[in-house]
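Below: the structure, in structure tokens.
The values are calculated or read from the model by the stated rules, or taken from the named source; none is laboratory data. Keep in mind that what you see is a predicted model, and the values were worked out from it rather than measured. Virtual Cβ from ideal backbone geometry, glycine too; neighbours counted across all protein chains shown. Surface areas here come from the heavy atoms of the whole protein model, side chains and all, with no ligands, DNA or RNA. Shrake-Rupley method; radii C 1.70, N 1.55, O 1.52, S 1.80 Å.
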Amino acid sequence: MRVDEIIANNRPTFSVEFSPPRTPEGEKNLYETARQLRDLEPDFVSVTYGAGGSTRDGTVEITRVLKEELGYETMAHLSCVGETTEGLSATLDKIAAAGIENVFALRGDPPRGQEDFVQPEGGLGSAAELAQFIGAGWEFSIGGACFPEVHPEAPDLDTDLTYLKLKVDSGASFLITQLFFDNQVYFDFVRAAREKGIEAPILAGVIPVASYAQTKRICELCDATIPERLERAFDAAGGEPEREFELGVAFAAQQCAELLIAGAPGIHFYALNRAPATRAVLGSLRASRPWDRTRGDVGAPVEAE
């Protein structure tokens with residue numbers, strides 16, 4: 001099923017992001033994580049894309065297995081990094097042949113050791129170009145990324161939103177945010193996006209923190225901010241894994257509840273290929289159903305008049 005249809009028909013939508021592992025043991029752990037989350041019925045799962053041949057060959061296969069063998073609706077990530085249009089076409093053909101109906105179009109980050117993105121010879125230079133390329137030749141539902149705290153390469157929010165509108169106009173029918181911890185950042189971003197004329201639904205990207213040190217590294221890589229009050233709480237945990245896990249789950253459950261009460265159309269969990277934290281948060285949300293107390297329509301698609 002197409003993700004844009006899932007979002008339109010399921011309020012809220014819950015999804016989980018996985019990454020292709022580099023070892024057989026990692027692959028086994030990924031599938032075990034997926035099995036542990038299945039009873040909580042995520043509406044779809046996505047699989048990230050490794051640039052430059054690092055894990056990209058595994059993306060389609062893992063996405064296929066999650067769909068065919070584990071029964072998930074799936075979405076394959078695809079990026080421009082290191083790819084010609086011929087290579088992108090071949091990958092898209094493989095995705096379609098595997099029965100996958102959804103693609104998440106990304107420009108992609110520069111390879112490690114390279115400071116700036118360089119458009120590959122014979123390739124594409126942006127996620128908007130990739131979305132347009134996909135839409136011209138295939139019948140996929142296309143998703144796009146957005147950045148509540150502004151993309152690291154954008155000079156300001158207005159410039160970032162101008163480009164985001166181009167991405168949507170080029171074919172992205174839904175958006176998923178980069179991870180964030182301050183919900184007001186999301187609310188303000190959605191409001192600004194709507195004022196810019198961006199009407200696509202905007203799913204909130206949330207990471208249930210299981211390891212504070214690992215999460216800090218991820219935030220440094222993607223320029224996401226950890227609020228000072230949350231940093232103090234994790235510092236008070238003293239580096240004890242159990243206390244960090246309990247705090248991370250409690251914070252994420254409260255964060256997601258607030259988002260859903262405010263009307264966010266869904267939550268996209270960055271699970272880091274591990275089940276316990278995401279399972280605890282999603283299980284809590286399924287049990288408490290905070291969306292039944294919705295007070296707004298933040299992040300939902302704009303209805304035509």
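Below is a table of values for the structure above.
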item: Paramagnetic reach from ASP297 in segment 170-186 [backbone N under 18 Å; point 7 Å along Cα→Cβ]; result: 174-175
item: Solvent-accessible surface (1.4 angstrom probe) belonging to LYS167, in square angstrom, nearest 10; result: 10
item: ³J(HN,Hα), Karplus 6.51/-1.76/1.60, whole Hz, each residue of segment 150-156, x for Gly, Pro; result: 6, 4, x, 8, 8, x, 6
item: Distant-in-sequence amide H partners of VAL16 (H built 1.01 Å from N, under 5 Å); result: PHE44, VAL45, SER46, PHE269
item: Overall form of segment 123-174 per C-alpha gyration tensor (a/c, 1.5; a/b vs b/c); result: prolate
item: The chain shape via C-alpha gyration tensor axes, a/c threshold 1.5; result: rounded
item: Burial ranking of peptide ranges 76-89, 168-181, 144-157 (average Cβ count within 10 Å, highest at the top); result: 168-181, 76-89, 144-157
item: For the chain, built as a Gaussian network whose Cα springs stay under 10 Å, the top-fluctuating residue of ARG229, ARG11, ARG295; result: ARG229
item: Farthest toward positive dipole pole in segment 66-108 [+1 Lys/Arg, -1 Asp/Glu at C-beta], among PHE104, THR74, LEU92; result: PHE104
item: Dipole moment magnitude, nearest 20 debye, the chain about Cα centre, only Lys, Arg, Asp, Glu C-beta charged; result: 720
item: Cα gyration tensor shape of segment 35-176, rounded if a/c is under 1.5, else prolate or oblate by comparing a/b with b/c; result: prolate
item: Test item: Cα-centred dipole of segment 116-263, Lys/Arg +1 and Asp/Glu -1 on Cβ, debye; result: 320
item: Relative packing of peptides 215-223, 271-279 - highest average C-beta neighbours within 10 Å first; result: 271-279, 215-223
item: Accessible area of the chain belonging to carbon and sulfur atoms, whole % at 1.4 Å probe; result: 47
item: Helical mean residue ellipticity (222 nm; -39500 (n - 2.57) per DSSP H run of 4+; nearest 500) of the chain; result: -14500 deg cm²/dmol
